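Report on the following structure.
The values are calculated or read from the model by the stated rules, or taken from the named source; none is laboratory data. Because the structure is a prediction, the values reported are computed rather than measured. So basically every Cβ, Gly included, is an ideal-geometry build from the backbone, and we count neighbours across all protein chains shown.
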Amino acid sequence: MDFLTLFVVYLCFVLAAGALLCLCSARSDSASQVLSFVIPTQLQRVTHRVLHRLFHTRSRLFVVLHAALQAAVYGEYSWEVFVYCWELQFHLLLLLLPYLLLAGNVACFLLCSRADPGIITKSNHASLVKVYVYDGVLFQKGLVCPTCHVEKPARSKHCSFCGTCVHRFDHHCVWVNNCIGASNAKYFFLYLLTLTAMAAAIAVITAAFLTQVVLLSSMMQGTYIDDQGQEQAVGILFLIQHLFLTFPRIVFMLGFVVLLTLVLGAYCCFSLYLALTNQTSNEWYKSRRYGRSHQLPLQPSDRQVVYKNIYSKGIWMNLKEIFKPCTVLERKKKM
C-alpha cells in the first residue's frame with residue numbers, strides 16, 4: 001500500500017506539471033503569475049524571460065521534445081511489448097498498426113510544419129481580402145495590422161510567433177513550430193487524428209498484453225500474505241503493484257499513452273466540432289468574450305445583438321472547406 005501511495009503522489013505530480021505546462025503554453029503572463037508564488041522575487045524576471053522566449057518566439061524545442069517522446073514510446077513498444085506480444089501469438093497486422101500510423105503521422109507532421117499556412121503578403125492581399133466578408137463583430141473592416149501595414153482580411157490574425165498575418169488563422173502550434181491557417185489546416189487535422197490513433201493503438205495493445213499475462217498466470221484466483229501475516233485474495237491494488245514491479249517500463253508507458261489518448265481525443269473532438277461549424281480556435285475564443293449577447297462596436301449603446309457565426313454553410317461544406325480552402329473564384333460562383 002505504501003508503494004501505491006507513492007505512485008499516486010508521483011502521478012499527481014506529473015499531472016500538475018502537465019497542467020502547468022498547458023497554462024504556460026496558453027499564456028506566459030498567467031504562468032508567470034502562478035510561478036510567482038513559488039519562485040523567489042530575484043528569479044521571477046529570469047523566469048519571465050525564459051517563458052517569453054519559449055512561448056512567444058518560434059523555437060524547435062517542442063519539436064525536439066515531441067520527437068523524443070515518440071522515440072521513447074516506440075522504443076519501449078518495440079523492445080518489450082512487440083516481442084512479448086509476438087511470443088503470445090498476437091496478430092502481426094495488429095502489432096504493425098502503430099508503425100503504419102507513425103508513418104502517416106510523420107508525413108502529416110512534415111506537411112503541416114513546412115507548408116505555408118496562408119501568410120498574407122502584399123502580392124496576395126488583394127485576393128485574400130475578398131474571400132470572406134466581415135461579420136462586424138469579431139472582424140471589422142478597415143483595421144490595419146500595425147506590424148505588416150496591410151488591412152486585415154476577415155478571419156485573419158497577426159501571429160506574434162511568426163511575425164506575419166495569416167489567412168483564416170486558427171492558432172500557432174508549438175509542437176509543429178508553425179501557424180495553423182487556411183492552407184495547412186487539413187494537414188494539422190490529419191496529424192492530430194493519426195497522433196491520437198497512435199496513442200490509442202499502443203494503449204490497447206499494451207493493455208491487451210497485460211490482461212493476457214494476468215489471465216494466463218491465473219493470478220486473480222491466487223492469494224498472498226499481507227504485512228500482518230494474514231492470507232488475502234488477490235485484488236486490483238495488489239495486481240497493479242505486481243504488474244508494475246514485473247513490467248515497470250511497460251506500465252509507465254501504458255499510463256502515459258492512456259493519458260495522452262484522453263487528452264488528444266478530447267482535442268480531436270473539439271477540432272472536429274470547429275471544423276463542422278466552420279470556426280477557428282481564434283474565432284471560438286474571441287466569441288466567448290461576448291457571452292450570449294454583446295453590444296456591437298460603433299452602434300448605439302442600447303442596441304444589443306447575439307453573436308452569430310456567419311461563415312457556417314452546413315456540415316458537409318464546412319468540412320470540405322478544411323480540405324479545400326475557399327477562394328475568391330468559388331465565392332463569386334456562389335454569389
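A few remarks follow.
- In summary, Phe139 fulfils each of the numbered conditions (1) out of contact with any strand residue (DSSP E or B) (no Cβ under 7 Å at 6 or more places or on another chain); (2) within 29 Å of Ala201 (Cβ to Cβ) with the single exception of condition (2).
- From the list Leu245, Leu260, the one residue that fits, being at pLDDT 75 or above and surrounded by 19 or more Cβ atoms within 10 Å (Cβ to Cβ), is Leu260.
- Some residue of segment 86-108 being surrounded by 13 or more Cβ atoms within 10 Å (Cβ to Cβ) and touching an Asp or Glu at 6+ places or on another chain (Cβ under 9 Å): no
- Residue satisfying all of: in segment 301-316; surrounded by 13 or more Cβ atoms within 10 Å (Cβ to Cβ) and modelled with pLDDT of 75 or more; farthest from His171 (Cα to Cα) among these: Lys313
- Residue-level analysis places Leu298 among those that are assigned to a loop (DSSP other than H, G, I, E, B) and at pLDDT below 90.
- Selection within segment 277-295 - surrounded by 10 or more Cβ atoms within 10 Å (Cβ to Cβ), at pLDDT 55 or above and not in a loop (DSSP other than H, G, I, E, B): Ser281, Asn282, Glu283, Trp284, Tyr285, Lys286, Ser287
- Looking across segment 114-167 at every residue that is part of a loop (DSSP other than H, G, I, E, B) and acidic (Asp, Glu), the one that is surrounded by the fewest Cβ atoms within 10 Å (Cβ to Cβ) is identified as Asp116.
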